[in-house]
1. So which residues in the range 244-262 are more than 15 Å from S186 (Cα to Cα) and either among the polar types (S, T, N, Q) or surrounded by 18 or more Cβ atoms within 10 Å (Cβ to Cβ) (or both), if there are any at all?
2. Anything in the range 145-186 that is open to solvent by 10 Å² or more (accessible area, probe 1.4 Å), outside any loop (DSSP other than H, G, I, E, B) and closer than 16 Å to L251 by Cα? List them, or say none.
3. Taking the range 84-108, which residues are under 22 Å from V24 (Cβ atoms) and either surrounded by 16 or more Cβ atoms within 10 Å (Cβ to Cβ) or of a type in the set (G, A, S) (or both)?
4. Filter the range 193-209 down to residues that are open to solvent by 10 Å² or more (accessible area, probe 1.4 Å) and either among the hydroxyl-bearing types (S, T, Y) or touching a helix residue (DSSP H, G or I) at 6+ places or on another chain (Cβ under 7 Å) (or both), then give me how many there are.
5. Do you know which of the residues in the range 34-49 that are surrounded by 19 or more Cβ atoms within 10 Å (Cβ to Cβ) and under 21 Å from the mean Cα position of the chain (by Cα) is nearest to L4 (Cα to Cα)?
6. Those residues that are of a type outside the set (D, E), open to solvent by 10 Å² or more (accessible area, probe 1.4 Å) and touching a strand residue (DSSP E or B) at 6+ places or on another chain (Cβ under 7 Å), I need them from the range 50-66; list them, please.
7. Working only within the range 15-32, note down all residues that are part of a strand (DSSP E or B) and surrounded by fewer than 22 Cβ atoms within 10 Å (Cβ to Cβ).
8. Modelled with pLDDT under 95, of a type in the set (K, R) and surrounded by fewer than 20 Cβ atoms within 10 Å (Cβ to Cβ): does that describe R226?
Amino acid sequence: MPKLDLKLYRGYVNDQELVVTGHVFKSWAPDKYRLDSKGIKHAVAILHMFRIKPYPNIEVTLRFKNLEVTTKTLKDGYFRFNLPYTEDLESGWHRYDVSCKIGEFGIVNCAELLKPYKGKLGIISDIDDTFLISHSNNFFKKLYVMLLRNVNRRKIFTDVVKHYKALSEAGQTTDLAFNSFFYVSSSEYNLYQFIVAFARLHKLPKAVIKLKKIKAGISDFLFTGRGGHDHKFEKIKEIISFYPNLNYVLLGDDSQQDAYIYERVCKLFPKNIKAVYIRQTASTKSKKISNVLLNISSLNVETCYFEYSREAIEHSASIEII
């Protein structure tokens, strides 16, 4: 029997187009390894997430409502459906299915896709050191917590959930409606399920998650989350272009390039960005980051450089986005 596994990611749709993505593997998908093991068992599980074997050129079939379309995976096992879609669809989360088959052996998985509520906020947030404490400025400490602290022991910043829930609920008139969240990170798709599990554990808003190209080797693991950050800019640009009628709040931190990326985004979309939030991760504020935020402010975008989430909450209330 051939080895075959399939991993799907949360998709998204507007009034004209639908986007669904995933990976096919010759090995177990990264999400098959436990995230709650302790000590060395957890470290082994994390390393296994980077020892995957993508399956190129395999047929995959998407089924959503009355839609059924087949494509093939790319060299790295990745597939993406960009499809015209003009059917009436209510706002919120909707289930879709993808299947693939080798000979007589097949697999079917399901996931969800998002249609945002009209006229509301879109919230785009970084992950590491924005809500998940990751120590991105310290390579060895980051490696330590990733390998030896399971999902139950990883920490979240105080009051982040309170802030994100307030942003999710802002301006909504029913308990079912919500503002749409997008988590965009330099972490690779190997860690997708870890991020989903962490967000669910801490009751963060459900989000479309856009990550970096999947890695397929232990040597790649050492460089997880590192390298260029242009992909974050491209992912954010893609989201805003896909939903141009939303106003956006951008949240990040000063440990990497978030402020510079958000400055570029604000220059491209001067009417779409309501506010930029940057978390202070060092003992003092960076003068360079402060200057970047000052420039963003000159574009009539609200900014907040904060150490504690309560400061961000107070700022959001003061500008009436929560």
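The values are calculated or read from the model by the stated rules, or taken from the named source; none is laboratory data. Keep in mind that this is a model prediction, so the values were computed, not measured. Reconstructed Cβ throughout: ideal geometry from the backbone, glycine too, with neighbour counts over all protein chains shown. Calculation scope for accessible area: heavy atoms of the full protein, side chains included, ligands and nucleic acids excluded. Shrake-Rupley method; radii C 1.70, N 1.55, O 1.52, S 1.80 Å.
1. Of the residues in the range 244-262, the ones more than 15 Å from S186 (Cα to Cα) are 244-250.
The answer is N245, L246, N247, Y248, V249, L250.
2. I156, V161, K162, K165, A166, S168
3. Within the range 84-108, the first condition is being under 22 Å from V24 (Cβ atoms), and the residues that meet it are 95-108.
Residues satisfying the conditions are Y96, V98, S99, C100, I102, G103, G106.
4. 5
5. The initial filter retains those residues of the range 34-49 that are surrounded by 19 or more Cβ atoms within 10 Å (Cβ to Cβ), namely 35, 42, 45-46, 49.
Next cut, under 21 Å from the mean Cα position of the chain (by Cα) only: 35, 46, 49.
Numbers: L35: 21, I46: 20, M49: 15 Å.
Restricting to residues being surrounded by 19 or more Cβ atoms within 10 Å (Cβ to Cβ) and under 21 Å from the mean Cα position of the chain (by Cα), the top hit is M49.
6. Here is the first cut: in the range 50-66, the ones of a type outside the set (D, E) are 50-58, 60-66.
From what is left, the residues that are open to solvent by 10 Å² or more (accessible area, probe 1.4 Å) are 51, 53-58, 61, 63, 65-66.
K53, P54, Y55, N57, I58, T61, R63 - these are the residues of the range 50-66 that are of a type outside the set (D, E), open to solvent by 10 Å² or more (accessible area, probe 1.4 Å) and touching a strand residue (DSSP E or B) at 6+ places or on another chain (Cβ under 7 Å).
7. Initial filter on the range 15-32 (part of a strand (DSSP E or B)): 17-25.
Correct list: E17, V19, T21.
8. yes
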